[in-house]
Amino acid sequence: MLSVKEETQNIKTRSSNIRLSLNRDKYSNLTMSFKSKSKIIIKLLFKVNFRELYNLFLAYLTMKRQPLKIKSSPLFLQVETTNKCNFVCKMCYVNRERKNENKKNLSVKNFKYILKRFPFAKVIILHGAGEPLINPSLIEMIRIAKKRELITGFFSNGSLLNKKIANDIICLNLDWITFSVDSISKEMYEFIREKGNFDILIDNMKYLLNLRNKLRKKTEINVLMVLMSYNIKELPKLLQFFNDLRVDKVAVQRVHLTGDDLKRFSKFLVTDKDLIKKIRLESERKANQIRTKLVFQSYFLERNQKRRCDWPWVGPFITVEGFVTPCCVLSDYRIINFGNLFEEEFSEIWNNKKYQNFRKRLKSSKRPKECFSCPYYSKTVF
Ligand SMILES: C[S@@+](CC[C@H](N)C(=O)[O-])C[C@H]1O[C@@H](n2cnc3c(N)ncnc32)[C@H](O)[C@@H]1O
Ligand code: SF4
Ligand code: SF4
């Protein structure tokens with residue numbers, strides 16, 4: 001889940017230090033490029049009215065002070081457009097721990113309903129725990145988000161991208177799409193991403209890249225690799241591969257542990273710190289040499305780096321059922337939720353006792369038990 005922070009940092013840069021950790025890409029996140037950041041700056045500087053400007057100021061204070069009660073309305077939101085998926089990836093709970101839950105697509109009606117609750121939003125991410133391209137209304141949702149001039153993007157496994165969808169995505173000027181690719185070996189890719197087909201994915205990516213270039217559009221086309229014991233040594237080669245394909249950026253994120261099944265997760269966690277350091281150095285050298293943009297998500301922190309989570313101050317994660325949760329790492333509403341947007345007004349949820357109490361626990365020296373697996377805090381892996 002791309003942490004909201006890095007993207008938010010973009011806004012920060014532009015709009016007089018508004019530190020909106022929008023893109024610490026946990027799942028979403030993806031990190032924004034200079035181009036995207038510039039777009040936000042321009043919007044902030046030239047397109048905001050007085051109420052928006054005032055909300056930006058309040059959002060700046062929110063990020064700076066992290067109060068329990070928030071006066072600003074979120075500038076960011078992540079909406080789970082579906083919780084269905086056609087893959088069974090090794091590290092993902094969607095079709096494993098959560099395979100028996102009620103699976104559904106978000107309707108356009110509910111999407112519009114959600115958006116109305118966020119009049120000052122500037123950034124939206126359109127995936128949650130599922131494959132967004134399964135939802136036949138995704139393109140319509142992109143259209144609606146872009147009409148509102150939101151910076152819009154999503155992650156995808158890329159398997160369902162056909163020519164029509166590719167054309168719509170590019171013509172609607174989607175700001176970014178990130179393909180999840182954990183290996184460039186067909187065998188390993190299909191081992192990690194059960195039910196996936198490496199050749200189809202690469203063909204789909206090439207089609208989208210060519211179309212984007214042909215139409216001279218600006219959609220950023222990125223790759224995200226989840227670093228596991230299976231694939232860690234591949235990273236430098238993967239960089240070369242996607243540099244040759246001319247993707248805009250390769251981001252790397254570590255495994256989030258989910259649920260209690262640590263035994264299952266322990267198979268693919270990378271615990272050898274020396275190996276991680278070596279691969280990271282080697283990959284950074286390679287990226288410099290071939291001039292590829294490589295991003296280690298912000299939670300590749302060293303032990304002495306300060307750990308801080310901004311999500312519950314920046315914006316909500318909203319599940320397909322309408323539940324409001326703290327972030328995309330905690331996308332399972334049964335673990336934690338602050339209320340349901342389809343039953344209560346968001347303004348009431350945003351500052352209710354549960355949300356405030358969660359913020360309080362996050363600020364305290366002892367992290368909330370729900371966050372045990374979060375890369376921002378967990379010291380178990382790196
Ligand atoms: C949950 S998926 C949803 C979007 C889409 N189905 C996909 O695979 O890109 C979002 C991202 O989370 C990553 N992911 C899944 N399980 C993870 C885990 N346990 N730790 C870290 N990232 C994970 C996926 O690889 C993907 O890049
Ligand atoms: S494709 Fe995405 S949502 Fe589906 S199982 Fe894989 S990581 Fe999870
Ligand atoms: S620390 Fe908790 S709230 Fe923050 S991103 Fe991690 S799991 Fe989510």
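What follows draws every value from the coordinates through simple rules; no lab data is involved. This structure is a prediction, so every number in the text was calculated from the model and none was measured. Note that each Cβ is placed from the backbone with ideal geometry, even for glycine, and that neighbours are counted across all protein chains shown.
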Which FRET efficiency value, to the nearest 0.05, is calculated for E194 and K366 with the Förster distance at 25 angstrom and r the Cβ-Cβ distance? 0.10
For L294, net neighbour charge (Lys/Arg +1, Asp/Glu -1) across residues whose Cβ lies under 12 Å away: +3
Using the 10 angstrom Cβ neighbour count as an exposure proxy, how do L77, L61 rank, fewest first? L61, L77
For I151, distant residues with modelled amide H under 5 Å away: V123, I124
Taking square-rooted eigenvalues a ≥ b ≥ c of the alpha carbon gyration tensor, is region 74-199 rounded, prolate or oblate, where a/c under 1.5 means rounded and, failing that, a/b exceeding b/c means prolate? prolate
Using the Karplus curve 6.51 cos²θ - 1.76 cosθ + 1.60 with θ = phi - 60°, what ³J(HN,Hα) values do you get for each residue of region 83-96, in whole Hz, with x for Gly and Pro? 10, 8, 8, 9, 10, 10, 6, 4, 8, 9, 8, 3, 9, 10
So how strong a dipole does region 44-187 carry about its Cα centre when Lys and Arg Cβ are +1 and Asp and Glu Cβ are -1, to the nearest 20 debye? 560 debye
Hey, got a sec? Which trypsin sites (Lys or Arg not before Pro) in region 105-171 land in a DSSP loop and have at most 16 other Cβ atoms within 10 Å? R148
Long-range amide H partners of C89 with built H, under 5 Å: N95, E194
Under 12 Å from the Cβ of P119, count the other residues' Cβ atoms, weight Lys and Arg +1, Asp and Glu -1, and hand me the total. +4
Give a residue-ordered list of calculated ³J(HN,Hα) values for region 314-324 (Karplus: 6.51 cos²θ - 1.76 cosθ + 1.60, θ = phi - 60°; whole Hz; x for Gly, Pro). 8, x, x, 9, 10, 6, 4, 7, x, 6, 9
Environment charge at P74 (Cβ cut-off 11 Å; Lys +1, Arg +1, Asp -1, Glu -1): +2
Packing rank of 81-89, 281-289, where each peptide gets the mean count of other beta carbons within 10 Å, highest leading: 81-89, 281-289
What's the magnitude of the charge dipole for region 176-263 around its Cα centre, counting Lys and Arg as +1 and Asp and Glu as -1 at the beta-carbon? Answer in Debye, nearest 20. 560 debye
Within region 112-137, whose backbone N sits under 17 Å from a point 7 Å along Cα→Cβ of R96? 129-131
Using 0.36 nm times the number of residues separating N357 and K186, minus their current alpha carbon distance, what extension gain do you get? 56.9 nm
Mind sorting W311, W176, W350 by how few other Cβ atoms lie within 10 Å of their own Cβ, fewest first? W350, W176, W311
Range of Cα positions in region 125-236 per principal axis (Å), largest first: 42, 30, 23
Would you pull out the residues with amide H under 5 Å of E101's amide H, same chain only if 5 or more places away, H placed 1.01 Å from N? none
What is the spin-label model distance, in nm, from K278 to R334 if the labels are put 7 Å beyond Cα along the C-beta direction? 4.1 nm
Estimated distance in nm for a label pair at Q289 and N167, the labels positioned 7 Å out from Cα along Cα-to-Cβ: 4.2 nm
